[in-house]
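Just so you know, all these numbers are worked out from the coordinates, no wet-lab data involved. All values derive from a computational prediction rather than experimental measurement. Positions of Cβ are backbone-derived with ideal geometry, glycine not excepted, and every protein chain shown enters the neighbour counts.
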Amino acid sequence: MARVLVLYYSTYGHIETMAQAVAEGAREGGVEVTVKRVPETVPEDIARQNHFKLDQAAPIATVDELADYDAIIFGAPTRFGVAASQMRAFIDQLGKLWQQGAFVGKAGSVFTSSATQHGGQETTITSFHTTLLHLGFVVVGLPYAFSEQMSLDGIIGTSPYGASTIAGGDGSRQPVEIDLAGARYQGRHVAQIAAKLAA
């Protein structure tokens with residue numbers, strides 16, 4: 001059975017919620033799914049002062065374990081059009097695994113969130129794709145077969161690059177059902193591709 005890791009960073013819980021939806025979809029795709037997060041790099045006192053969600057259930061991932069999976073679905077919020085530095089700091093430690101070719105031919109995919117509808121969701125995902133290609137991943141997006149992403153009924157996330165959600169400037173907006181459905185679809189899609197690649 002193929003093994004899929006949903007690896008995320010979430011400041012306020014939006015990406016944590018999306019990660020659970022991605023994992024749900026991946027399980028529907030018939031694979032073994034693990035959900036983990038990357039370490040927080042902000043000092044705890046500052047994180048608490050700024051109301052970071054520090055009580056997340058997912059365990060912290062280690063760099064070396066990433067080689068054990070057939071696919072990795074990365075989730076991180078947008079920071080000025082690219083992935084949050086916590087995720088980037090973790091990715092920057094993958095040099096040894098890159099040298100070993102540990103990710104070559106494995107499925108890699110990305111989901112994100114932003115404060116506003118045009119707040120960098122697409123650039124965050126596509127710039128992350130560059131990293132995945134350097135590492136040797138087979139990049140998987142969210143195809144238009146998930147037709148709900150073309151809806152014009154209200155503000156929604158998602159694009160053909162990957163699932164996303166909009167948190168609002170104050171973080172009060174939670175993922176809507178279309179965002180979660182996109183995340184589930186993406187998880188299932190990656191799982192099915194991972195199973196074929198691992199066969």
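Amide H contacts under 5 Å for Ser164: Thr112, Thr158, Ser159, restricted to partners 5 or more places along the chain or on a different chain, H placed in the peptide plane at 1.01 Å from N. Using DSSP to call loops (not H, G, I, E or B), can you name the chymotrypsin sites (Phe, Trp or Tyr not before Pro) in the stretch 102-199 whose Cβ has at most 13 other Cβ atoms within 10 angstrom? Sites meeting the loop and neighbour criteria: Tyr144.
Working ranking of peptides 19-30, 170-181 by packing, defined as the average number of other Cβ atoms within 10 Å per residue, highest first, is 19-30, 170-181.
Residues whose amide H lies under 5 Å from that of Arg79, counting only those 5 or more places away or on a different chain, are Ala84; hydrogens are built 1.01 Å from N in the peptide plane.
Phi-derived couplings, Karplus 6.51 cos²θ - 1.76 cosθ + 1.60 at θ = phi - 60°, listed residue by residue for the stretch 80-97: 6, x, 9, 5, 3, 4, 4, 5, 4, 4, 5, 4, 5, 8, 8, x, 4, 5 Hz, with x used for Gly and Pro.
Between the residues Ile156, Gly101, Val42, the greatest Cα displacement towards the positive end of the dipole of the chain, with unit charges on the Cβ of Lys, Arg, Asp and Glu, is found for Gly101. Can you pull a Stokes-Einstein diffusion coefficient for the chain at 4 °C (1.567 mPa s), Rh from Kirkwood over Cα pairs, as a whole number of µm²/s? Approximately 79 µm²/s, per Stokes-Einstein. For the chain, the mean residue ellipticity at 222 nm estimated from helices alone is -11000 deg cm²/dmol, where every DSSP H run of n ≥ 4 contributes -39500 (n - 2.57) and the total is divided by all residues, rounded to the nearest 500. Between the stretch 101-168 and the stretch 3-71, what's the alpha-carbon centroid distance in Å? Centre-to-centre distance over Cα atoms comes out at 16 Å.
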